[in-house]
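Asker: The structure is given below, and queries will be raised subsequently.
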Amino acid sequence: MTVILQWTALAVCLACTIWRSPSLFGGRNRGLSWAFALATVSVALSLPAIYLPVDALLGGINLANVLLRLSIFGVFFLLTSRVAAAYNSPLARALIRGPLGVAVLAVCSLGICVAYFLADVDGSSTGLVAFTSQPEIAAYMWFGVAYTTYASACVVVATAKAAFSRRPAIDRTAAFSMLVGFALVCATVPLRLPLWKNWPAVDIMTFAAILFVAVGLVLVWISFGRRRVRGGPRA
Amino acid sequence: MTVAAKNFQMWLSHVAGSTSQAAVCRAAGIKRSTLAQQLVRGRVSLATIAAVSRSLDLPVVASLSVFPDLEDLVSGIKAPTTAELLSQISDADLLQEILNRNVAAETGNDPIPVELSPIPHRSSVRAWLDAIDPTDLRQKVARNAAMAPQNLSAQISANRLSAELAIDSARIAGVGLTNGLVATGFLSPAEAGWAAGACASALRGTANSVLASLAAERLEALSRVLRRSEDDTAAARNVWEYLG
């Protein structure tokens, strides 16, 4: 189940990146195209089949995992700040792009790097599962979760408002799909606590969240592509 | 609104005799599958009755009154009030009349009569409801039909009103029972018993001041509709701008 979900998420992210590749350098919403490129990297690095060779190339000291974490941060920063702006939530946008948001991002990124250097992570291990008993690695993981949860929580309200508004059905479906995705990211937090620890569930929810957000964005692009047919504004 | 298929078939055999169902459908311009489906479900729509009735040159209102709950439709025909007649004149025609009168006043000639566009106009349902009772008619209609007020509002915004609700509204407001069916486009004014040219003569007989305030109300309603649609467009555009 998890493996199928992971490969599906990778295929979807890769397809979206290729679809948007013309706008990676110049063009419409470059940041969004980069978010998908980074998402593809992140999902790819969570698969052992890709992680292990890449990490071997980087010296077999799990530097690839740091790369994975930082690219996830990039995805969330680029994506959630755009979603907040798209759904007209200046507060959410300020919480992500403003001083507070940038501070959270900086602290989490720094935390990741420091915890990585303090920990002893010799020997490639996808998702660092072999080292979870180390307190440094626990801190490393919590820094990783902190920023994604923070950014997702910021846009949950904005997407929910749009999902239950009187927009056209396709736009509401798009917003709802993103809402489910970002809510799932937040919902994984309790399952990471020692009390309710459930890693398989966390994995399933994480990759389902990626799929939901990607589907939401694809729906936005379809709606954008049909704008002339619908008699909407000429954007 | 629908009637029982059994009653419909009794009526059909009475008015169409032995004509086959296929021939009836062809003449009435309704799909055979549509009628077949309605008969299977046991409920036939009023639109079907009206279409069959027109194809047989029968008066639509009299045909409808054959069915239970609609018996009082013929006796309930009442000439529309001036307000109802004016409500069925489109915004553009009202404004044109004002302009024509203005020109006439300046040149000293008789105003050129406006060629009224056919009923129903774009917001005919809302205008008719406002004309028959500006206070709490909608709440009463919704309560009577046991439907949520926002569902009624949605119908009105889309310039729709089911035949049942149109008749109900007229009954509650105490106006001619068929008048709402004109506003929804279900009946032509003539079928509903409106005199020919009634709207035009009501318009001619309306004082300038009344016309001006009516136009003001219409423009106010129009501006609300336009603002709503502009807001929706701006929201969609915003999403496309950041995520497109």
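The values are calculated or read from the model by the stated rules, or taken from the named source; none is laboratory data. Every value quoted in this text rests on a predicted model; they were computed, and no experiment measured them. Heads up, the Cβs are rebuilt from the backbone with ideal geometry, glycines too, and the neighbour counts pull from every protein chain shown. With ligands, DNA and RNA removed, areas are computed over all heavy atoms of the protein, side chains included. Shrake-Rupley method; radii C 1.70, N 1.55, O 1.52, S 1.80 Å.
Asker: Name the pairs: first residue in the range B:89-110 and farther than 15 Å from B:G205 by Cα, second residue surrounded by 13 or more Cβ atoms within 10 Å (Cβ to Cβ) and basic (K, R), Cβ to Cβ under 8 Å, at least 6 apart or on different chains?
Answerer: As it stands, the answer is B:S90/B:R122; B:D91/B:R122; B:D91/B:R218, since those pairs meet every condition given.
Asker: How many residues does the range A:27-54 hold that are within 14 Å of chain B (Cβ to nearest Cβ) and among the hydroxyl-bearing types (S, T, Y)?
Answerer: 1
Asker: Restricting attention to the range B:69-78, which residues are in a loop (DSSP other than H, G, I, E, B) and open to solvent by less than 80 Å² (accessible area, probe 1.4 Å)?
Answerer: The initial filter retains those residues of the range B:69-78 that are in a loop (DSSP other than H, G, I, E, B), namely B:69-70, B:74-78.
B:L70, B:V74, B:G76, B:I77 - these are the residues of the range B:69-78 that are in a loop (DSSP other than H, G, I, E, B) and open to solvent by less than 80 Å² (accessible area, probe 1.4 Å).
Asker: When residues of the range A:157-179 are filtered for being free of Cβ contacts under 8 Å to residues at least 40 places away in the same chain, within 26 Å of A:A146 (Cα to Cα) and either of a type in the set (K, R) or surrounded by fewer than 20 Cβ atoms within 10 Å (Cβ to Cβ) (or both), how many remain? Walk me through how you get there before you give the answer.
Answerer: Looking only at the range A:157-179, we keep the residues that are free of Cβ contacts under 8 Å to residues at least 40 places away in the same chain, and these are A:160, A:163-167, A:169, A:172, A:179.
Checking the rest, the ones that are also within 26 Å of A:A146 (Cα to Cα) come to A:160, A:163, A:179.
Now narrow it down to the ones that are either of a type in the set (K, R) or surrounded by fewer than 20 Cβ atoms within 10 Å (Cβ to Cβ) (or both): A:160.
The total comes to 1.
Asker: Being of a type outside the set (D, E, K, R), more than 30 Å from B:T81 (Cα to Cα) and open to solvent by less than 60 Å² (accessible area, probe 1.4 Å): is that true of B:L243 here?
Answerer: Against the criterion (of a type outside the set (D, E, K, R), more than 30 Å from B:T81 (Cα to Cα) and open to solvent by less than 60 Å² (accessible area, probe 1.4 Å)), B:L243 qualifies.
Asker: Regarding the range A:137-151, can at least one residue be identified that is within 14 Å of another protein chain (Cβ to nearest Cβ) and modelled with pLDDT of 90 or more?
Answerer: No, the range A:137-151 contains no residue that is within 14 Å of another protein chain (Cβ to nearest Cβ) and modelled with pLDDT of 90 or more.
Asker: Against the condition open to solvent by 60 Å² or more (accessible area, probe 1.4 Å) and at pLDDT below 90, how does A:R20 come out, does it pass?
Answerer: no
Asker: Further, regarding this structure: Just need a number here: residues in the range A:114-133 that are open to solvent by less than 40 Å² (accessible area, probe 1.4 Å) and either at pLDDT 95 or above or over 19 Å from the mean Cα position of the chain (by Cα) (or both).
Answerer: 7
Asker: When you scan the range A:138-152, do you find a residue that is more than 14 Å from the chain's Cα centre (by Cα) and not in a helix (DSSP H, G or I), even just one?
Answerer: Kept after step one, since they are more than 14 Å from the chain's Cα centre (by Cα), are these residues of the range A:138-152: A:138-143.
Next, only the ones that are not in a helix (DSSP H, G or I) stay: none.
No, every residue in the range A:138-152 fails to be more than 14 Å from the chain's Cα centre (by Cα) and not in a helix (DSSP H, G or I).
Asker: Checking A:Y87 against (1) out of contact with any Phe, Trp or Tyr (no Cβ under 9 Å at 6 or more places or on another chain); (2) open to solvent by 10 Å² or more (accessible area, probe 1.4 Å): exactly one of these is not met. Which one?
Answerer: So A:Y87 meets the others, but not (1).
Asker: Could you list, in sequence order, all residues of the range B:6-22 that are assigned to a helix (DSSP H, G or I) and either at pLDDT 90 or above or open to solvent by 40 Å² or more (accessible area, probe 1.4 Å) (or both)?
Answerer: If the condition is that a residue be assigned to a helix (DSSP H, G or I) and either at pLDDT 90 or above or open to solvent by 40 Å² or more (accessible area, probe 1.4 Å) (or both), then B:K6, B:N7, B:F8, B:Q9, B:M10, B:W11, B:L12, B:S13, B:H14, B:V15, B:Q21 are the ones that fit.
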